[in-house]
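The values are calculated or read from the model by the stated rules, or taken from the named source; none is laboratory data. Just so it is clear, the structure is predicted and the values come from calculations on it, not from any experiment. Cβ placement follows ideal geometry from the backbone for every residue including glycine, while neighbour counts extend to all protein chains displayed. For the accessible areas, the whole protein counts, side chains as well, though only heavy atoms, and no ligand, DNA or RNA atoms are used. Shrake-Rupley method; radii C 1.70, N 1.55, O 1.52, S 1.80 Å.
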Protein chains: 4
Amino acid sequence: MIRYGMVGGGPGAFIGDVHRMAAGLDGRMRLVAGAFSSDPERSRHKGRELGLDPSRVYESYADMASWEASLPERERIEVVLIVTPNHLHFEPARVFLEAGFHVVCDKPLTTTLEDAEALCRLVADGDRIFALTHNYTGYPMVKEARALVREGRLGDIRRVAVEYVQGWLSTALEDTGHRQADWRTDPARAGVSGALGDIGTHAHNLVRYVTGLELEELCADLSTFVEGRRLEDDANLLLRLGGGARGTLTASQIAVGEENALSLRVYGTDGAIAWRQEEPETLWFHRPDGRRERRRRGHEWLSDPAQKASRIPAGHPEGFIEGFANLYHAVADAIESGATHAVAFDFPTVWDGARGVHFLERAVESARTGGWVDARYAPPAEPAGSAA
Amino acid sequence: MIRYGMVGGGPGAFIGDVHRMAAGLDGRMRLVAGAFSSDPERSRHKGRELGLDPSRVYESYADMASWEASLPERERIEVVLIVTPNHLHFEPARVFLEAGFHVVCDKPLTTTLEDAEALCRLVADGDRIFALTHNYTGYPMVKEARALVREGRLGDIRRVAVEYVQGWLSTALEDTGHRQADWRTDPARAGVSGALGDIGTHAHNLVRYVTGLELEELCADLSTFVEGRRLEDDANLLLRLGGGARGTLTASQIAVGEENALSLRVYGTDGAIAWRQEEPETLWFHRPDGRRERRRRGHEWLSDPAQKASRIPAGHPEGFIEGFANLYHAVADAIESGATHAVAFDFPTVWDGARGVHFLERAVESARTGGWVDARYAPPAEPAGSAA
Amino acid sequence: MIRYGMVGGGPGAFIGDVHRMAAGLDGRMRLVAGAFSSDPERSRHKGRELGLDPSRVYESYADMASWEASLPERERIEVVLIVTPNHLHFEPARVFLEAGFHVVCDKPLTTTLEDAEALCRLVADGDRIFALTHNYTGYPMVKEARALVREGRLGDIRRVAVEYVQGWLSTALEDTGHRQADWRTDPARAGVSGALGDIGTHAHNLVRYVTGLELEELCADLSTFVEGRRLEDDANLLLRLGGGARGTLTASQIAVGEENALSLRVYGTDGAIAWRQEEPETLWFHRPDGRRERRRRGHEWLSDPAQKASRIPAGHPEGFIEGFANLYHAVADAIESGATHAVAFDFPTVWDGARGVHFLERAVESARTGGWVDARYAPPAEPAGSAA
Amino acid sequence: MIRYGMVGGGPGAFIGDVHRMAAGLDGRMRLVAGAFSSDPERSRHKGRELGLDPSRVYESYADMASWEASLPERERIEVVLIVTPNHLHFEPARVFLEAGFHVVCDKPLTTTLEDAEALCRLVADGDRIFALTHNYTGYPMVKEARALVREGRLGDIRRVAVEYVQGWLSTALEDTGHRQADWRTDPARAGVSGALGDIGTHAHNLVRYVTGLELEELCADLSTFVEGRRLEDDANLLLRLGGGARGTLTASQIAVGEENALSLRVYGTDGAIAWRQEEPETLWFHRPDGRRERRRRGHEWLSDPAQKASRIPAGHPEGFIEGFANLYHAVADAIESGATHAVAFDFPTVWDGARGVHFLERAVESARTGGWVDARYAPPAEPAGSAA
C-alpha cells in the first residue's frame, strides 16, 4: 500500500473526506501523516479522529515535509495530497516536490501563472509525479467520450457546449461564516477568479480531455451578482478552439436550484456526444440520422479506458467518489511503475494545471477589455505527449 | 368562421400545412383563397387539393389582394397568412395591409430593418392586425413560465440560457435540391443571416416573451461550417439584458443528431425555470433550496394564460400544431373583437418582428467587428403596452 | 371531403371535441350532422356552436339515422361517430349500420359480450366499415414498435409489461357532479368494469397491436378503493399470452398524481422495446448487449407505417390529437377505397372490440373466483386477416 | 476500527470486492481475516492480494471461526461477513454465531425456511448482531421515501408497484462457465427459486422497508424461459398487503437490455412516491393535484435518516457502494453501541431474512398450485420493534 500524507482536509472541509475515501477505495493507498489545519489543535483533533499515529500529525506542512523526509524510506510517506484553498497550493507543492515527494494537488493549480510555471519547471527538472485533481475526467463515460472522439466517431469537431452551473452561492453565504464560501469569494485566497476558477477550470479541462483540442481565442463576460462579493459568481464565454471548432463555456454559482450541473456536448461532422455529471453513467452518442445511442458504464463493448475505470457491473451506480478514485488509481499505477513525469498515465498533470491558470488569466483579461483575446498557450518545460 | 387566404404554402412546403392545420384546429378559421406558389400551375394544383373554389386560387399575391378586396365584405377574406421565404414577406404584407386585410406573417419579419420599420409605420397608421408567427410562445407551459416571472416567483432575473439547435443542415443539403435548405442558405432570399435568422430569432423572441427583458448589448460569433455555404450555420452569442441580467444564446443548424432542440432556462434571485420545446408539456420550477417542481399542462392550478391555451386534459400530449393554433386562436379573438393593433392580445406583433430584425443586424455587425455592440432598440410607432 | 355525423359529444364532453379536431385535422372529414345530447336543447346549442345547419341537428340518434338515410346520397352523412358513454354504443351502432352508414365507435365496444357479438355479425353480414377508437395505436412510434416486432427485431417475445394508470378518480369525484366521473363509475352506463373497461381495454388492445399475440389465460385482482364506488378503480392482472409469453397488465384510476400514464414494454429473445404515451414521440429499442437506441418520430429510416403516420418534421412534437387523427385518416382511406370490412386498414375493428369486451368479462370472472381463467377467444364472423 | 473477517469473496466474486469497499469506505471497519474460497490455494491467493497476515487466511470457515475465537479479544475479528452462494449461508452463520461473533450475511438468508427459523432462534437466544445485506435500503432516498410514508405524507397506502428486472440471464450463460450464473441457476446452491430469490427478495424487502406493510396474500406466476434452466428466470406476482393495499411485484433476469432496474412506486390517498435504483439520488413525490416534486440527496430539508446516510454534497453522485456502506455504517454503530439484537438500528435483520425465505416458499407454492395463497407470517422469536 502506498503511504500518503495530507495537507489540509481538517474539520469541516468536505473535500478532505472525499480525497480520503477516493484514495482508499481500492485498498492501494493508506493515510499515515497529515497537516490538516493551520490550527495545530484542529489538526491534532482530525488526526485522532482518523486514527493516525500522533507523531505524524504535524503543526505545519513544512514540518511534515522535512520530518517525513527524515524517516526511513519504508516508513515515510510517498506522496502528499494538497487539498487546501487555492492560495495554499503553490508553497506546499514546491516544498514537497523539493523534499522528494510525489504530489497530488487540488485545482486550480496556483493563483498566479508565474507560480504555475515555476511548478512546471520544478516537476520537469525532477523525477516526481505531479497530479492535479480534475476529478471529473475520472468518470468512465467521460473516458468513453474521449475514446469515441479519438476513434474518429464524431468526425471533425465543430461545436462544443460545456456548462458548469451551481446555485449554492446565490446569496451572500460568505457573510454567514460558511467556510467553503468564505475562501472561494476572497481574492487573497481564491485568486483572480471566483466561479470560473472554482468550477470553470473543470469545464475547460473537460473540453480539452474529451476533444483533444486547445483553446485559441476566447471572449468572456464575467459578472458578480451578489452584492458585496469581490469575485465573479457567473461567467459566460465564447470559445474558439483548434481546428476551427466553436463553442460556449458557462460557469455559474448563482444558478438557483442547480446542484452540480456540469455537462458537455460535442458535435462533429459525423456524430455527437452528450454527458451530464449528475447522471455520470450515461453517455449519449448521436448519429447524424437522428438515432441516439445510450451507452452505459459497465459493458464489455466499451472502450478499454472506460472498462478499466469501472469497478462493479452495469446498473449498479458508481458515482463521484468512484470517479475520483480512478484518478488515484492512475496515480498509484504511476507511482508503482516508477515513471518520471508520468504523462502516459491517465491523470491531469502540472502542465494541464498551468493551462487552467492561463485560461483564467485570459478570461479575466477579456472581461476587463471587453472583447476577444488570444488564448493560445504552451506551458514551459512540457514533456512530449503531455498536451490534450 | 373567419375566412382567410394564404400566400405561399404550395406543394412541398411543410409549413403551409402546419399553418392550415393550426388555423383550422378550433374550427374558427376557414381557408377560402390562396396564391400558393409563384408558379400558377402549382398554385392551382394546391388549390384543387385543398378543395378551394378555383376562382379564388390566384396567380399572384397582388392579384389576390386586389381581387379579394373587390369581393363583397361577407365573402372576401378577412386575413391573409404569408408563409413564403423571408424575402417575400415585406411586399405581400405591405400590399395586403394597404388593401385593408389583417396579416399573419412568418418570421423573420423582413430581410432589412428598413422594410421592418416601414411595416411598423404602416400598421400603426392603419387599423389592421398584424401577427408574426413566433409560434413557440403559443405553448401553454411557455405561457406558464411567463406568468411565473410576472408573478415574481423568480425574483430578479440574473441569467438566461437559450438554445435552439438542429442538425439538419450539417451537410450541404442545399446542393441536393432540397427546397427548404435552398432558400434558407441563400442571402438573396433569407437575408443577412442563416441559422440566426431562421431559428435564432425564435430564441430571441422567446427570451423577451418569458422574461419581459430587452437586449442591451450582445457579442456574437457566427460561423459557417459547411463548405460553400453563404450564410452562417452556427451562432453563439453573449447577451446583456435589461436589469443587469446576463446570458447566452446559441443557434445552430449543424448540431448533428439534434432535431428541433429549442430550450430556455431563466435563473432569478428566488427561483428558476427550465423548458424544452421537444417536451413542451413540462415546465420545471427550481426552488432555491434544491426542490424542483414539475409543472404540466392541463391542471387547474396553472396560470390563466396556460389554462386557456390548453385543449385537452393533462397527460394527453398536445404538441407543435396545438401550440401554433394558440397563436391563431388569439388572432381570431383579436379579429372578432375589432381591436386596432391588438397589442393586448397574446400574439407577437410587427414591433416584435422589427426587434427581431434589429437583433439580426446587430449580431451580424458584432460578428463582423469582433466584439460587443449596443443592441438597444425601440421600433418606430410602437403603441404603448406593446413591448415585452 | 367525407361528411360525418356525431352521436354524443355535447356540452362538457371533452372527447367530442377531440374527435372533431382529430377527424378534421387533415381536411378529409367534415361534420354536417349531429345528435349531440339526449337533451334536445343541449344538442341544438352544440349544433349552433359548431355552425351546423339546424335542420341537421337531431333530437335523437334514431331520428338522425332515419332522416339522414332519406337525404340524397351526395348530401347525407357517410359515417357516424359514436362518442357516448358505453351503454349507448350498441343501439346507435346497430341502428346506423342497419341504415347503411359506416360507424366509428368509442371503446369499449359494448357493455355485454352478447351485444358485441351481435355487432360483429352485423358488420360481417353487411358492407359497412366499423372502426373502434383505440386511438393509442394511432401513434407513429407505436406503429414503429409493431413494425420492429413484425420484422423479428425482438426475436421471440417473452415478457410484456403494460400499464395504464391515472389519478383523477382517487376521490369520489362522481359525488361532486363531475360528468365524466359519474357515468364511468355507474354499472348501468359503464358496464361490468370501471378502470379496466375505461382504460385497461386500451392497454389490452395495445399489447395485441404491438405484439400480435392474443391472451390465453389471465388472473385478475380488481379493487375498489374509493368508498361507495360501485366499480373497480384499480386492476392488476397476470397475463399468459400466445407463444408462451408472460406479463402483467395494470389499470388504475387511483394512482395519485398520475396523469395518463399508459406505457408498454415488450421483451423478446433478441431485443426489447419501451414506449410511454406521455412522451409518445420516443421509442426505445434495447439491444441485448445493453446499448439502447432512442428512435424518434419523423425520420426517414423508420418503418413505412411510422412514416406515413407522421405529419411534421422530427422534433416538432405531435401529440394525442395527431395520433387520434391517424385513426381517422385510415378510416377515410378505407371509406374512399370502398373496401368492405376493411381489415386491411390500420384501425381497430368490431372484432377487436369484441375481444376487448371478452377480456373484461374474463377479468371480472377471475377476480370473482380468485384465480386463473381461460382467456382464449375468437369473435364470431371474423374475416381472415383481422386478428392481431 | 472494527476488525472483520470474510467468508467467500474469493477471486472472480465481484460481490466480495463490493463488501470490502463498502465496509471500508468510512474507515470504521478493517479486514483482518478470511476464508475466501473453498479452494485453499485460491483463498491464500486472495489473502495475499488483500495484504492480509497469511496466518489469518483460513482453509475453511470452520477453521476461521474456531481459530479467531481463540485469539485475544483485542486482536480477533468482531464480525464476519458471509458473502457465499445461498446454500453456504446457514452453516457459516450458525458456526460464527455460536463462536460468539456478529454476523453480516448476504441474502436470501437461507435456502430453507427451517434453516432461517433456526437462525432466528439462535440470534434471539444470544447477544450477537445479525445483519442481512438487503443493501438497497441503504440508499438515502429510499430512507427519505420511508420517512415520507411514516410522516403520513402519502396518507393510506393503496397500491405498490415494485419491479426488479435484469437482462443478463437472457441466454444460457450458466453453460459458458460463468461463475455468477452457474450457482444462481442451480437448485442445490440457490435454493427453491432463481430470479425471485436472487433479486425478488430485494424487491419484497424494499416494499416492506418503505411502506411498513407486510404481505397477506400473493399469487405468483413463475416461468423459465431459457431452455434447460432449472429455476425460474422470470416472476410476476400479484400482492395483497396489510391495510388493504394491492400491488404487483416483478422479478426477471431475462428482460433483455435491462441492467439492474429495481424500481418502486407507492400510491396513497394523499400522495405517491417513485424511485429507481439506477438513478438513486432522485425521489419523486407526487401530489394529488398533479404537481411533482423532485427530491434529491444532499439537502438539509430532507428527513434525518436521509441526511445521515449522505456523505457528500448534492449533485456529486453517490451510488451503489455508498448505499451499501450505509448498511455497514449502521452495523458499526450497533456493534460499537453494544446493543443486543439491534432491531433499533437501520439495517435488515435475521427476522427480515426469514420473512424473505417465507415469501419465496409461498411464491413457489402459489405458482405450483396456480392461485392465491396466504402469505402472512411471523418469524419465531422476533423481538418487539423488529417488524417493518
**Request:** Would you point out the residue of segment B:91-116, among those that are among the charged types (D, E, K, R) and closer than 16 Å to residue B:201 by Cβ, that is most open to solvent (accessible area, probe 1.4 Å)?
**Result:** B:115
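Which one is farthest from the chain's Cα centre (by Cα), of the residues in segment A:3-19 that are among the aliphatic types (A, V, I, L, M) and more than 13 Å from residue A:103 (Cα to Cα)?
Initial filter on segment A:3-19 (among the aliphatic types (A, V, I, L, M)): A:6-7, A:13, A:15, A:18.
Pick out the ones that are also more than 13 Å from residue A:103 (Cα to Cα) and you get A:13, A:15, A:18.
On the way: A:13: 17, A:15: 12, A:18: 13 Å.
The qualifying residue farthest from the chain's Cα centre (by Cα) is A:13.
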**Request:** Report whether or not residue D:229 is charged (D, E, K, R) and open to solvent by 10 Å² or more (accessible area, probe 1.4 Å).
**Result:** yes
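Of all residues in segment C:24-39, which are within 22 Å of residue C:99 (Cα to Cα) and more than 10 Å from every other protein chain (Cβ to nearest Cβ)? So that I can check it myself, show each step before the final result.
Kept after step one, since they are within 22 Å of residue C:99 (Cα to Cα), are these residues of segment C:24-39: C:29-38.
Within segment C:24-39, C:29, C:32, C:33, C:34, C:35, C:36, C:37, C:38 qualify.
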**Message:** All but one of (1) in contact with an Asp or Glu (Cβ under 9 Å, 6 or more places away or on another chain); (2) without any contact (Cβ under 8 Å) to a residue 60 or more places away in the chain hold for residue B:120; state the number of the condition that does not hold.
**Reply:** (2)
**Asked** Can you name every residue in segment A:263-282 that is within 13 Å of chain B (Cβ to nearest Cβ) and either without any contact (Cβ under 8 Å) to a residue 40 or more places away in the chain or of a type outside the set (Lys, Arg) (or both)?
**Response** A:263, A:266, A:267, A:268, A:269, A:270, A:271, A:272, A:273, A:274, A:278
**Asked** Would you pick out the residues in segment B:285-297 that are in contact (Cβ under 8 Å) with a residue 12 or more places away in the chain and surrounded by fewer than 22 Cβ atoms within 10 Å (Cβ to Cβ)?
**Response** B:285, B:287, B:288, B:294, B:296
**Asked** Residues of segment D:336-358 being part of a helix (DSSP H, G or I) and either out of contact with any Gly (no Cβ under 9 Å at 6 or more places or on another chain) or farther than 21 Å from residue D:135 by Cα (or both), which ones?
**Response** D:336, D:337, D:350, D:351, D:352, D:353, D:354, D:355, D:358
**Item:** Hits in segment C:141-193 (condition: away from chain D (no Cβ under 12 Å) and among the charged types (D, E, K, R))
**Value:** C:143, C:144, C:146, C:150, C:151, C:174, C:175, C:179, C:182, C:184, C:186, C:189
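Among the residues of segment B:312-350, what is the count of those that are open to solvent by less than 50 Å² (accessible area, probe 1.4 Å) and either over 16 Å from the mean Cα position of the chain (by Cα) or at the interface with chain C (Cβ under 8 Å from one of its Cβ atoms) (or both)?
Of segment B:312-350, the ones open to solvent by less than 50 Å² (accessible area, probe 1.4 Å) are B:312-328, B:330-332, B:334-335, B:339, B:341-343, B:347-350.
With the extra rule that they be either over 16 Å from the mean Cα position of the chain (by Cα) or at the interface with chain C (Cβ under 8 Å from one of its Cβ atoms) (or both), the set shrinks to B:312-322, B:332, B:334-335, B:339, B:341-342.
Here the count works out to 17.
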**Complete:** Every listed condition ((1) touching a strand residue (DSSP E or B) at 6+ places or on another chain (Cβ under 6 Å); (2) open to solvent by less than 10 Å² (accessible area, probe 1.4 Å); (3) farther than 14 Å from residue D:349 by Cβ) holds for residue D:129 save (3)
**Test: residue B:218 is within 11 Å of another protein chain (Cβ to nearest Cβ) and touching a Lys or Arg at 6+ places or on another chain (Cβ under 9 Å)** = yes
**Prompt:** Mind checking which residues of segment A:298-311 are more than 14 Å from residue A:280 (Cβ to Cβ) and within 11 Å of chain D (Cβ to nearest Cβ)?
**Reply:** A:299
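Can you confirm whether residue B:186 is farther than 27 Å from residue A:240 by Cα and more than 18 Å from the chain's Cα centre (by Cα)?
Numbers: farther than 27 Å from residue A:240 by Cα: no; more than 18 Å from the chain's Cα centre (by Cα): yes.
Criteria not met by residue B:186.
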**Prompt:** Mind checking which residues of segment C:359-388 are open to solvent by less than 20 Å² (accessible area, probe 1.4 Å) and not in a strand (DSSP E or B)?
**Reply:** C:359, C:360, C:363, C:366, C:375, C:379, C:386
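So for segment D:239-258 (the condition being among the acidic types (Asp, Glu) and surrounded by fewer than 19 Cβ atoms within 10 Å (Cβ to Cβ)), does at least one residue qualify?
Taking segment D:239-258 and keeping what is among the acidic types (Asp, Glu), we get D:258.
Restricting the remaining residues to those that are surrounded by fewer than 19 Cβ atoms within 10 Å (Cβ to Cβ) gives none.
No, segment D:239-258 has no match at all.
In segment D:1-54, which residue that is among the charged types (D, E, K, R) and not in a helix (DSSP H, G or I) is most open to solvent (accessible area, probe 1.4 Å)? It would help to see each step written out before you state the result.
Keep residues of segment D:1-54 that are among the charged types (D, E, K, R), which gives D:3, D:17, D:20, D:26, D:28, D:30, D:39, D:41-42, D:44, D:46, D:48-49, D:53.
From the residues that got through so far, the ones that are not in a helix (DSSP H, G or I) too are D:3, D:26, D:28, D:30, D:39, D:53.
Numbers: D:3: 37, D:26: 52, D:28: 42, D:30: 114, D:39: 63, D:53: 80 Å².
In this case the residue turns out to be D:30.
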**Tally, over segment B:56-113, of residues that are under 15 Å from residue B:37 (Cα atoms) and among the hydroxyl-bearing types (Ser, Thr, Tyr)** = 4
**Total residues in segment A:266-280, condition surrounded by fewer than 24 Cβ atoms within 10 Å (Cβ to Cβ) and closer than 13 Å to residue A:159 by Cβ** = 3
**Prompt:** Is it the case that segment C:139-151 has a residue that's open to solvent by 10 Å² or more (accessible area, probe 1.4 Å) and of a type in the set (Phe, Trp, Tyr)?
**Reply:** no
**Prompt:** Failed condition for residue A:192, given (1) more than 26 Å from residue B:161 (Cα to Cα); (2) open to solvent by 40 Å² or more (accessible area, probe 1.4 Å), with all others met?
**Reply:** (1)
**Residue count, segment B:26-48 (criterion: in contact with an Asp or Glu (Cβ under 7 Å, 6 or more places away or on another chain) and closer than 30 Å to residue C:19 by Cβ)** = 1
**Request:** Give just the number: which of (1) touching a residue at least 60 places away in the same chain (Cβ under 8 Å); (2) open to solvent by less than 10 Å² (accessible area, probe 1.4 Å); (3) charged (D, E, K, R) does residue B:214 not satisfy?
**Result:** (2)
